Amino acid sequence: MSKVVGIDLGTTNSLIATLDEGQPWVIPDEDGELLLPSYVGMNEAGKLLVGRSAQRQYAAAPERTVKSIKRQMGTDYRVTLGDSDYSPQEISAILLRSLKQRAEETLEEEITQAVITVPAYFTDAQRQATKEAGEIAGLEVLQILNEPTAAALVFDDRSEITENVLVYDLGGGTFDVSIVEMTGDVTEVLASHGNNRLGGDDFDRQLQRHLADKFRQAHDIETPSDAATQARLLQAAEKAKVALSTNAFTTVREPFLASQGKTALHLETEISRADFESLITPLLKDTIEAIDRALSDAQMETEDIDRVILVGGSTRIPLVQQMVENHLPGISVSSFNPDLCVGLGAALQAGVLSGEAVESILVDVIPHSLGIAAVMETAFGLTPDMFSTIIPRNSVIPTSRSQVYRTSYDRQDIVEIEVYQGENAIARENVPLGSFKIEGLPPKPAGALPIEVHFDFDLNGILTVTATEKGKGQQSSFVVNNAETGRLSSHEVEQSRNAIGSLFDIPAIAFAEEDETAEEE
Ligand code: AMP
């Protein structure tokens, strides 16, 4: 049986890992780099660039470079590269395919199956899009695994003592906090909270604005608004941010950022760690509040937590660690390769699924409540369009639940099942996942005809809804994979696979394109 791999498909960086004698390791590229920057681009000659080479051209050619595509997963966003338009799935598939190639070259065998991680807070549409990206890249996705769960697997010492671990994961573009219960081989996510639009990218943008302010103060003009200048500023901001994790001050120098008449204007400014910290503190406060929400969802107090694990590149920022420690006094906070551990955990899980000798069993939870719109009894009497939860969030998956509803008026001959995900009592305030109808119901008085609505949520986060009219046994079912959530048909997956495949067939793309003479960042 061929090797199964674990893939951390990150907003900023991605990686591929596998197991060797039960131990996970990250597969490096030919230069020994473990992380693949999640950048895809086209060079001037129309050749595909993946990873570091695409990242390098970003400042000079942002219009030909795609970054942070993970933020668009599950939407119908399109991105133009060269002469063609691509979906977020296709761009992600290019990254996955590049990782797959890297693994195949190193392991000297074909890789066809993978476990891919996503933030615990990812919606169904985002999970589905990730699975499609895997398929387009030619991978069978054995499981879509929550990132904090993957991380917890790495730290699991497989002791028989039950430990409650809080996983705080702050990456480039997403944030999750999860409470994971570990007992021997069983890992169970008790609660998960987060924001899939918060991460290091936001800190970069705060610092980018700060740099633009400094430039204005120095020269009394705005920084040019063109994409190339703004991309340079953003890259300088990220570099400064990383430097401030180890230094109390850093100097940003960007020569020739603008000109005034014949005079070239440079940006040169010193930033202190304290300046940076005051810029990001409001964002970090949101992450600390999420800790409390996760604790209350898991019906736990701070004292119930035995250990905190920090995951994600942004947890290297000293203030992040400090704020987490201050909020959870007396609890040990551990961090080990925060940018690698999700991928390593994915490899462990891949090993479990392929029957390798890895002793752990995984139990996962659903991040959002799922239910339908229904007429419900409220303080105002019978009220239509209320959200009736069928699977409450934080239920262990896979799970199947049913609920019985009744017709609401005499001789009602049709019911529409509108499926939503979210936590609001008003159905329409939640995320609509789709709807379907059962028609031709037998004429009965109001409330006399029961209809059972069954939700089946599988390990990959795919929801199948079935409604059965109890009288005649008429059944109608529906999988959440409709157009509104930007899903692709298998024909479209095939088309996209061919489209990106032909890009890979152009000689000297992807890896060979790395510019040997370019400066290392
Ligand atoms: P990840 O998504 O886990 O790969 O994390 C990527 C994010 O971590 C990016 O926003 C990076 O800029 C950020 N990052 C990586 N290393 C550091 C560091 N030493 N200090 C601050 N942020 C970092």
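Side notes on the structure shown:
- Only Cα pairs under 8 Å and 6+ residues apart enter the sum, and on that basis the relative contact order of the stretch 294-387 stands at 18 percent.
- Surface analysis of the chain yields an accessible area of 43 Å² per residue, using protein heavy atoms and a 1.4 Å probe.
- Remark: C-alpha extents of the stretch 13-93 on the principal axes read 45, 29, 17 Å, sorted largest to smallest.
- R0 of 51 Å, Cβ-Cβ distance Ser332-Glu140: FRET efficiency to nearest 0.05: 0.85
- Placing +1 on each Lys and Arg Cβ and -1 on each Asp and Glu Cβ, with no other charges, gives the chain a dipole about its Cα centre of roughly 1440 debye.
- Long-range amide H partners of Ser38 with built H, under 5 Å: Asn13, Ser14
- Set of lysines with alpha-carbon distance to Lys437 below 18 Å, sequence-local pairs under 8 removed: Lys470, Lys472
- Residue-level accessible surface for Ser53, protein heavy atoms, 1.4 Å, Å²: 10 Å²
- Working from Cα pairs under 8 Å separated by at least six residues, relative contact order for the chain is 16 percent.
- Packing around the peptides 141-148, 34-41, taken as the average count of other Cβ atoms within 10 Å per residue, puts them in this order, highest first: 141-148, 34-41.
- Whole-number percent relative contact order across the stretch 200-277, with pairs defined as alpha carbons under 8 Å at least 6 apart: 28 percent
- Note on Glu110 and Arg205: the extension gain reaches 30.2 nm, defined as 0.36 nm multiplied by sequence separation minus the Cα-Cα distance.
- Axial C-alpha extent at least 20 Å, average Kyte-Doolittle at least -1.0 - helices from the chain (DSSP): 88-107, 227-246, 273-297, 490-505
- Distant-in-sequence amide H partners of Phe249 (H built 1.01 Å from N, under 5 Å): Arg273
- Beta bridges by DSSP in the stretch 200-277, antiparallel share as percent, to the nearest 5: 100 percent
- Percent of beta bridges antiparallel (DSSP, the chain, rounded to nearest 5): 80 percent
- Percentage of interatomic Cα-Cα distances in the chain larger than 44 Å: 21 percent
- Antiparallel DSSP beta bridges within the stretch 46-158, percent to nearest 5: 35 percent
- Dipole magnitude of the stretch 200-277, debye to nearest 20 (Cβ charges: Lys/Arg +1, Asp/Glu -1, about Cα centre): 180 debye
- Backbone amide hydrogens, once placed in the peptide plane, bring Met73 within less than 5 Å of nothing, excluding anything fewer than 5 places away on its chain.
- Surface share of carbon and sulfur [accessible, 1.4 angstrom probe, percent] for the chain: 47 percent
- Lys214 - accessible surface, heavy atoms, 1.4 Å probe, Å² rounded to 10: 60 Å²
- Table column - 3J(HN,Hα) (Hz), the stretch 299-314, Karplus curve with 6.51, -1.76, 1.60, x for Gly and Pro: 6, 10, 9, 3, 4, 6, 8, 8, 7, 10, 10, 9, 10, x, x, 6
- For the stretch 55-204, the alpha-carbon radius of gyration amounts to 1.17 times the rule-of-thumb value 2.2 N^0.38 Å expected for a compact globular protein.
- Distribution of pairwise C-alpha distances over the stretch 222-358, 5 Å bins, in %: 2, 8, 13, 14, 14, 13, 11, 9, 7, 5, 3, 1, 1, 0
- Partners for Lys285 among lysines (Cα-Cα distance below 26 Å; same-chain residues under 8 apart left out): Lys70, Lys214, Lys239, Lys241
- Area accessible to solvent at Arg71, 1.4 Å probe radius, in Å²: 30 Å²
- Sorting Thr130, Thr123 by accessible area puts them as Thr123, Thr130; the probe is 1.4 Å, largest comes first, and only protein heavy atoms count.
- With a 1.4 Å probe rolled over the protein heavy atoms of all chains, the accessible area of Glu140, Glu21 falls in the order Glu21, Glu140, largest first.
- Each of Asp410 and Ala45 was given a label point 7 Å from its Cα along the Cα-to-Cβ line. The distance between the two points is 8.0 nm.
- The residues Phe336, Phe155, sorted by heavy-atom accessible surface at 1.4 Å with ligands and nucleic acids left out, run Phe336, Phe155 from largest to smallest.
- Taking a straight line from the alpha carbon of Lys131, these aspartates and glutamates sit under 16 Å away, with near neighbours fewer than eight places off in the same chain left out: Asp8, Asp76, Glu90, Glu140, Glu147, Asp458, Glu492, Glu494.
- Segment Ser435-Glu452, length gained on full extension (0.36 nm per residue, minus Cα span): 4.6 nm
- Phi-derived couplings, Karplus 6.51 cos²θ - 1.76 cosθ + 1.60 at θ = phi - 60°, listed residue by residue for the stretch 420-431: 10, 10, x, 10, 7, 5, 8, 3, 5, 7, 9, 8 Hz, with x used for Gly and Pro.
- Cα coordinate range in the stretch 156-232, projected on the principal axes (Å, largest first): 64, 19, 17
The values are calculated or read from the model by the stated rules, or taken from the named source; none is laboratory data. Worth saying up front: this structure is predicted, and the values here are computed from it rather than measured. A quick note on method: Cβ atoms are made from the backbone with ideal geometry, for glycine too, and the neighbour counts reach across all protein chains shown. Only protein heavy atoms, including side chains, enter the accessible area calculation; ligands, DNA and RNA are left aside. Shrake-Rupley method; radii C 1.70, N 1.55, O 1.52, S 1.80 Å.
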